[in-house]
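The values are calculated or read from the model by the stated rules, or taken from the named source; none is laboratory data. All of these numbers come straight from a predicted model, not from anything done at the bench. Note that we place each Cβ from the backbone using ideal geometry, even for glycine, and neighbour counts take in every protein chain shown. The area values use the complete protein model at the heavy-atom level, side chains included, leaving out ligands, DNA and RNA. Shrake-Rupley method; radii C 1.70, N 1.55, O 1.52, S 1.80 Å.
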Amino acid sequence: NAGVTQTPKFRILKIGQSMTLQCTQDMNHNYMYWYRQDPGMGLKLIYYSVGAGITDKGEVPNGYNVSRSTTEDFPLRLELAAPSQTSVYFCASITGTGYGYTFGSGTRLTVV
Amino acid sequence: AQSVAQPEDQVNVAEGNPLTVKCTYSVSGNPYLFWYVQYPNRGLQFLLKYITGDNLVKGSYGFEAEFNKSQTSFHLKKPSALVSDSALYFCAVRDIGDNAGNMLTFGGGTRLMVKP
């Protein structure tokens, strides 16, 4: 049981480049989330999904896009990377009847 | 809307002493409450949760938390701190009544430093 898997673990991007952060869960969870954690700060919700084909914005969605074509996968895309997107990104999931999240191990992104 | 406040950026305690990490919350309905711990360069690990029932909740690694509805608090406690407890602790809330996306809102985190 792998839980929530995020790739890559680390990435350095140049300003203006694009990339996709991958998130996969094998627990058949309906709900999935992307958070960012800035140094010394709490977690801010970027986007979330309540099921395949459905996504919605969280607190800080600007500069990001998501898709949810399957229950398992919830990739996060950065189109034009900016230094303000330097952060650690966490993916999480939960069942509809569950209580707390299962988190991935995170992706540390640096934009230079 | 739901929100969480962790009023202390850092808590320092000597090994063997009791520790408390404070958390207060705000929800429009009834809350589910959680504590997570984050060790350096790692993801968040679940410690404990309050859903319903007994106000004193016991979790992993000897931690416990007390739900106080009148004070809207959910403080994390441990009777005897260990150096290995040093980490970043996050309180989180989920409003049962007004939260179609089942979203958790996290506090800003409290760094716990346990000194030998």
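Assess whether residue A:26 counts as being open to solvent by 80 Å² or more (accessible area, probe 1.4 Å), among the acidic types (Asp, Glu) and over 11 Å from the mean Cα position of the chain (by Cα).
When the stated conditions are applied, residue A:26 passes them.
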Just for the stretch B:1-26: of the residues that are part of a loop (DSSP other than H, G, I, E, B) and under 28 Å from residue B:101 (Cα atoms), which one is least open to solvent (accessible area, probe 1.4 Å)?
-> B:23
Name the pairs: first residue in the stretch B:40-55 and of a type in the set (S, T, N, Q), second residue open to solvent by 100 Å² or more (accessible area, probe 1.4 Å) and not in a strand (DSSP E or B), Cβ to Cβ under 9 Å, at least 6 apart or on different chains?
-> B:55/B:69
Restricting the stretch A:30-67 to residues that are in a loop (DSSP other than H, G, I, E, B) and facing another protein chain (nearest Cβ under 10 Å), which is surrounded by the fewest Cβ atoms within 10 Å (Cβ to Cβ)?
-> A:40
State all residues of the stretch B:27-37 that are open to solvent by 20 Å² or more (accessible area, probe 1.4 Å) and either more than 18 Å from residue B:66 (Cβ to Cβ) or under 10 Å from the mean Cα position of the chain (by Cα) (or both); if no residue qualifies, say none.
-> B:28, B:29
Take the residues of the stretch B:64-116 that are of a type in the set (S, T, N, Q), part of a strand (DSSP E or B) and within 14 Å of another protein chain (Cβ to nearest Cβ): which is nearest to residue A:43 (Cα to Cα)?
-> B:105
Quick check: anything in the stretch A:54-72 within 21 Å of residue B:39 (Cβ to Cβ) and touching a Lys or Arg at 6+ places or on another chain (Cβ under 9 Å)?
-> no
The stretch A:75-107, subset touching a Lys or Arg at 6+ places or on another chain (Cβ under 8 Å) and facing chain B (nearest Cβ under 8 Å), residue surrounded by the most Cβ atoms within 10 Å (Cβ to Cβ) | A:90
